[in-house]
Amino acid sequence: MSKRDYYEVLGVSKDASERDIKKAYKRLAMKYHPDRTEGDADLEAKFKEVKEAYEVLADSQKRQMYDQYGHAAFDQNGGGHGGFGGGQGDFGDIFGDVFGDIFGGGGGRRQSRQQRGADLRYNLELSLEEAVRGKEVEIKVPTWVSCEPCDGSGAKAGSKPKTCPTCHGAGQVQMRQGFFAVQQTCPTCQGTGSVISDPCNSCHGQGRVEKTKTLSVKIPAGVDTGDRIRLTGEGEAGMHGAPSGDLYVQVSVREHPIFTRDGNNLYCEVPISFTTAAIGGEIEVPTLDGRANLKIPAESQTGKMFRMRGKGVKSVRSGSVGDLICKVVIETPVNLNERQKELLRELEESMGADNGKNRPKAQGFFEGVKKFFDDLTK
C-alpha cells in the first residue's frame, strides 16, 4: 500500500517551520501514543506513521531529501526504510525527546548532551493593594550564571572542548552483559560528549559562576496568593554552555486589616449605629479606589450583606471585575451617661407597649419558649 505524504500525516503545509512541525507531532503523538490508546492496533499504526513522518521532517537534511525525492529517498531494495528504521523503533525514542517534561523523560535512545540548568523559585510577598493594582518590583536572586570569559564553554580563551575519547561525542557508552547491551552515561565526560583539557580560570571548567542577579519583574494586576510568574531562562545556567532553567516567582498576599479577598470579590465588615440600623441612613465605606457612600435601609439587621458592584478585583485572567460585599454589624452603644440611659429605657418601655410589633423576632422567640415549657409540664 502506498504511503501517505508526510506533511499530510502531520497536517502541516510544505513550508511549515520546525516549530510548527514539532507542535503538530506533539499533538498527534499525545493522541495516538500506545500508553493512552490501550493497545488499539489501528491507533498504534497511526502513531508509528506520525512518528515516522516526524523523524524525517524534523531533520533538515532528511527533509530536504524527502522534498526532492519523496519516499524513494529512504527506500532500500524497493522496500524498507533505511536511515531511521522505518518507524519501527522504540516508542520512547522521539516521544521521550518531545514529551520528556510531561512524562518524566527516559526510555529514549539518546540523552541530551547538555544538562539544562535548574529551575529556581522566588517567594514574593505583596500587599493586597499591590496585588490588585499590579506593580514592577526589583528582586535579587543568588544563582549560577554563564561564565563571561569563556562564554559558558568552560574552556580557557583560545581553546575549545575536545570530543570525548571514550564515547566519541555520544555522551553514552554501551556495556555488554551476555546477550544484553546496556547504555550508560559516559564516565569520562559525564554525558556531555566532550572534555576540557585546558579549563577556564574563572569557572574552573564548569562554564558558569555564582552570582546574585538583580531582575525587574512586572507583576500583573489581579494576582493572588498561589499564582506563579514564570521568567524563562532566568534560572540557573547549565554547565558547559547548556541552556538555563527558569525562575518562578511565587506570589503571596499579606492579610489586610480591612478587606478579605475571595476570588475577585472583596469582603469587609462595616459597623453601624443602632439608630442608623433602625431608621436607615447613608454611611461612608472604604474601597480600594477610595471612599464610597452606602445606603442603609431602615430596619436593617446585623449581618445583612450589601453588594457594591465593580468595586472588587479585576481578574488577571478574564479581565472581569468582582464586587465589594459589605456586612453590616450593629454596634451596641457604650459609655452611656445617665441621660442617654434614661432615653433608652423610655424607648424600651414604648416598644414593650406595642405587643412585640417593634421586635417581631424577640416576640416569636419568647412565645416559642413559653410553649416549650408548657409542653414539658403536660
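Ordering 330-336, 3-9 by mean Cβ neighbour count within 10 Å, with the highest value first, yields 3-9, 330-336.
If you sort 66, 267 by accessible surface, 1.4 Å probe, largest first, the order is 267, 66. For the pair the stretch 254-284 / the stretch 293-356, the C-alpha centres are spaced 8 Å from each other.
For the stretch 200-329, state the semi-axes of the equivalent ellipsoid (square roots of 5 times the eigenvalues of the alpha-carbon gyration tensor), sorted largest first and rounded to whole angstrom. It would help to have the intermediate numbers written out before the result.
Details: eigenvalues 532, 32, 20 Å².
With the √(5λ) rule applied to the stretch 200-329, the semi-axes are 52, 13, 10 Å.
Mind checking the per residue accessible area of the stretch 170-324 for me, 1.4 Å probe, whole number of Å²?
Numbers: 9110 Å² over 155 residues.
For the stretch 170-324, the per-residue accessible area is 59 Å².
Leaving out ligands, DNA and RNA, what percent of the accessible area of the stretch 241-365 is carbon and sulfur, probe 1.4 Å?
C and S atoms contribute 48 percent here.
Cross-link reach is defined here as a Cα-Cα straight distance under 27 Å, omitting same-chain residues fewer than 8 places apart; for residue 23 the lysines meeting it are 3, 14, 31, 46, 48, 51, 62. Note on residue 221 and residue 138: the extension gain reaches 28.2 nm, defined as 0.36 nm multiplied by sequence separation minus the Cα-Cα distance.
The values are calculated or read from the model by the stated rules, or taken from the named source; none is laboratory data. Computed from a prediction, not measured in an experiment: that's the story for all the values here. Every residue, glycine among them, receives a Cβ derived from its backbone with ideal geometry; neighbour counts consider all protein chains shown. The protein model used for the area step is the full one, side chains on, heavy atoms only, and it has no ligands, DNA or RNA in it. Shrake-Rupley method; radii C 1.70, N 1.55, O 1.52, S 1.80 Å.
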